[in-house]
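Please read the structure below before turning to the comments.
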Amino acid sequence: MSTHKQIDEETLNNLLYLSRLSPESTNLETLKKQANEIVGYFDILSKYDDSENPYDAYPSTVAEQLRADEVVDGLDIPSVKNVSENFMDGYFQVPKVLGEGA
């Protein structure tokens, strides 16, 4: 037999109200039995250890392991020109993105 508290009539009526069901459209005994079974599942779930931190599944970033915030020299223009032959006046020439319909 289950160890959880059985659902009483008042709780069942509150559940019916919240779910927008009417007592006339539902077999109350069947619904009460099903609701008690659902509550019983929580007894099963409570047996499992939940002390583990759920955020352990995600990678963490430690602030000390981030790169240093220091200014470094950027690329010089002659080396940037070697990246593409479509480099003119300090800019890369790229295909037109927007068509006539935009």
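The values are calculated or read from the model by the stated rules, or taken from the named source; none is laboratory data. Everything numeric in this text was worked out from a predicted model, so none of it was measured. Glycine gets a Cβ as well: all are built from the backbone with ideal geometry, and neighbour counts include every protein chain shown. Areas reflect the complete protein model, heavy atoms only, side chains present, ligands, DNA and RNA absent. Shrake-Rupley method; radii C 1.70, N 1.55, O 1.52, S 1.80 Å.
A few points about this structure:
- Taking every protein chain into account, the accessible area of the chain amounts to 99 square angstrom per residue (probe 1.4 Å).
- About the Cα centre, charge dipole magnitude for the chain (Lys/Arg +1, Asp/Glu -1 at Cβ), debye: 440 debye
- The alpha-carbon of Lys32 sits under 15 angstrom from the alpha-carbons of these aspartates and glutamates, leaving out residues fewer than 8 places away in its chain: Asp8, Glu9, Glu10, Glu24.
- Listed by chain and number, the lysines placed with their C-alpha closer than 30 angstrom to that of Lys96 are Lys81; residues fewer than eight positions away on the same chain are left out.
- Per-residue packing, averaged as other Cβ atoms within 10 Å, sorts the ranges 19-32, 70-83 into the order 19-32, 70-83, beginning with the highest.
- Under 5 Å, built H, 5+ apart or other chain: amide partners of Phe87: Gln93
- Solvent-accessible area, 1.4 Å probe, carbon plus sulfur percent, for the chain: 55 percent
- Lysines with Cα under 24 Å of Lys33, excluding same-chain neighbours fewer than 8 positions away: Lys5, Lys47
- Protection proxy ranking, peptides 10-16, 90-96, average beta carbon neighbours within 10 Å, highest first: 10-16, 90-96
- Computed over neighbours whose Cβ is under 15 Å from that of Ile7, the net charge equals -3, Lys and Arg +1, Asp and Glu -1.
- Ordering Pro95, Leu21, Ser84 by Cα displacement along the dipole of the chain toward the positive end leaves Leu21 in first place; charges were set at the Cβ atoms of Lys, Arg (+1) and Asp, Glu (-1).
- Counting only the Cα atoms, the chain fills a convex hull of 342 Å³ per residue.
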